[in-house]
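What follows is a single structure, written as structure tokens, with notes after it.
The values are calculated or read from the model by the stated rules, or taken from the named source; none is laboratory data. Worth saying up front: this structure is predicted, and the values here are computed from it rather than measured. Don't worry about glycine lacking a Cβ; one is built from the backbone with ideal geometry, like all the others, and counts go over all protein chains shown. Accessible surface is based on the protein model in full, side chains and every heavy atom, while ligands, DNA and RNA are left aside. Shrake-Rupley method; radii C 1.70, N 1.55, O 1.52, S 1.80 Å.
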Amino acid sequence: MSAPGKLVPLLGGAAAAWPLAARAQQPAMPVIGFLVPASAAQVEMINAVRQGLKEVDIVDGQNVIIQPAFAEGQFDALPGLAADLVRRQVTVITALGVAATVAAKQATTTIPVIFYMGEDPVGLGLIPSFNRPGGNLTGVATLSSAVMAKRLELLHEIAPRADVFAALINPKNPSAAISTKDAEDAANVLGKNIHIVHASTESELEPAFATIAQLHVGGLLIAPDGLFIAYATQVAKLSLQHAIPTSHERRAFPDAGGLMSYGASQADGIRLAGVYTGRILKGAKPADLPVVQPTKFELVINLKTAKTLGIEVPPQLLARADEVIE
């Protein structure tokens with residue numbers, strides 16, 4: 001079982017500790033609550049926020065403090081972490097993913113919330129429209145339904161004779177129903193069968209992969225989810241152990257040993273969320289900032305994993321990759 005979610009009190013750069021005694025010495029410093037479903041080990045997410053802030057002349061440790069709150073893959077921890085950030089009176093909350101955004105929205109109607117997510121925030125009922133989000137929420141949305149279809153197409157290119165695929169989905173994720181529909185719609189377009197397999201805790205990952213292996217699938221779609229990102233290395237090891245080609249939106253998976261990823265650049269999307277967070281700190285209102293969509297997409301293929309799986313990646317697919325890991 002993973003460790004409970006946690007606030008991380010100290011970041012690199014200026015030694016800006018969170019305790020109230022330390023804050024009393026520097027009362028003017030605004031605080032960004034950074035609410036993340038995944039692991040504290042993924043420091044690149046904080047760096048992406050820092051980059052976005054820097055684009056609007058805000059520097060972590062100099063004129064703002066970033067206070068991370070990591071759920072370590074446990075969605076149940078997010079409401080408590082969000083409530084804690086609100087109690088600590090942070091200036092703005094930057095939330096990654098649907099679950100973190102929902103938790104932040106439920107925790108406050110006054111503190112601005114800047115989100116980065118892969119689903120439709122209007123369809124989820126989080127905001128009334130992209131152009132006029134209203135209320136205290138706005139941010140960046142990648143709309144991953146089209147991405148899910150593209151990822152299945154890529155798996156089909158690698159396994160053109162396969163008729164059956166699978167999708168690994170966390171049923172506790174607020175967007176689980178949407179991810180399920182996206183996977184099923186993508187399979188229908190290709191005329192393929194797809195099995196939905198669930199895992200909502202670390203202990204459920206191994207039996208989920210055992211089930212997938214018994215289905216003899218041509219490939220596995222891994223839904224965007226903080227649990228799977230937090231345990232990307234374990235997921236990659238299980239996919240190799242059971243000889244299952246996998247595809248995810250985040251490049252953290254091929255970096256960890258998964259076969260490939262395709263989707264909007266997470267670093268670029270979080271950077272954009274950082275820019276919006278900075279604009280809020282400078283006086284902008286969330287209701288006046290339209291939701292933006294990232295334009296940078298990337299395909300990453302782990303050729304070493306492909307060779308381990310005995311897969312010959314088509315040359316035309318390798319040519320289209322933004323990065324090949326060898």
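So, by mean Cβ neighbours within 10 angstrom, what's the order for 123-132, 62-71 with the highest one leading? Please report the intermediate quantities before stating the final value.
Values: 123-132: 14.7, 62-71: 22.2.
So the order, starting with the most tightly packed, is 62-71, 123-132.
Based on the mean of other Cβ atoms within 10 Å per residue, sort peptides 185-193, 222-230, 312-320 so the most packed one is first.
Details: 185-193: 15.6, 222-230: 26.2, 312-320: 11.8.
Descending packing order for the listed peptides: 222-230, 185-193, 312-320.
What residues have an amide H closer than 5 Å to that of PHE34, excluding those fewer than 5 places away on the same chain, when H is modeled at 1.01 Å from N in the peptide plane?
GLN67, ALA69, THR94
With θ set to phi - 60° and the Karplus curve 6.51 cos²θ - 1.76 cosθ + 1.60, what are the ³J(HN,Hα) couplings of the range 269-277 in order, to the nearest whole Hz, using x for Gly and Pro?
Working through the residues one at a time gives x, 5, 4, 4, 4, x, 4, 5, 4 Hz.
If you take all C-alpha pairs in the range 255-326, what percent of them are over 14 Å apart? Before the final figure, lay out the partial values.
Details: 1711 of 2556 pairs.
Result: 67 percent of Cα pairs exceed 14 Å.
Whole Å is fine, so just give me how far the alpha carbon centre of the range 131-152 lies from that of the range 54-102.
The range 131-152 and the range 54-102 have Cα centres separated by 19 Å.
What nm distance separates the two modelled labels at GLU55 and LEU317, each placed 7 Å from Cα along Cα→Cβ?
Taking the simple label geometry, GLU55 and LEU317 are separated by 3.2 nm.
Can you list the lysines whose alpha carbon is less than 25 Å from that of LYS150, not counting same-chain residues fewer than 8 positions off?
The qualifying lysines are LYS172, LYS181, LYS192, LYS237, LYS296, LYS304, LYS307.
Kindly write out, for the range 187-197 in residue order, the coupling ³J(HN,Hα) from the Karplus curve 6.51 cos²θ - 1.76 cosθ + 1.60 (θ = phi - 60°), rounded to whole Hz, with x marking Gly and Pro.
5, 4, 4, 8, x, 10, 9, 9, 9, 9, 10
List the residues, sorted by chain then number, that are 5 or more residues from ARG251 or on another chain and whose placed amide H is less than 5 Å from its amide H.
GLN266
Tabulate in residue order the Karplus-calculated ³J(HN,Hα) for the range 56-61, using 6.51 cos²θ - 1.76 cosθ + 1.60 with θ = phi - 60°, rounded to whole Hz; enter x for Gly and Pro.
Using θ = phi - 60°, the values come out as 10, 6, 10, 10, 4, x Hz.
Write down the accessible area per residue of the range 202-295 in Å², having rolled a 1.4 Å probe over the full set of protein chains. Please list the in-between numbers first.
On the way: 3270 Å² over 94 residues.
Here the residues of the range 202-295 average 35 Å² of exposed surface.
For the chain, take N as its residue count and report Rg(C-alpha) divided by 2.2 N^0.38 Å. Walk me through the intermediate numbers first.
Values: Rg = 19.8 Å, N = 326, 2.2 N^0.38 = 19.8 Å.
For the chain, the normalised Cα radius of gyration comes out at 1.00.
So, with +1 on the Cβ of K and R and -1 on the Cβ of D and E, and no other charges, what is the size of the charge dipole of the chain about its Cα centre, to the nearest 20 debye? Could the numbers behind the result be given before it?
On the way: 25 positive and 28 negative charges, 155 e Å.
Taking the Cα centre of the chain as origin, the dipole is about 740 debye.
Note down, for the range 188-322, the three equivalent ellipsoid semi-axes (square root of 5 times each alpha carbon gyration tensor eigenvalue), biggest first, whole angstrom.
32, 18, 14
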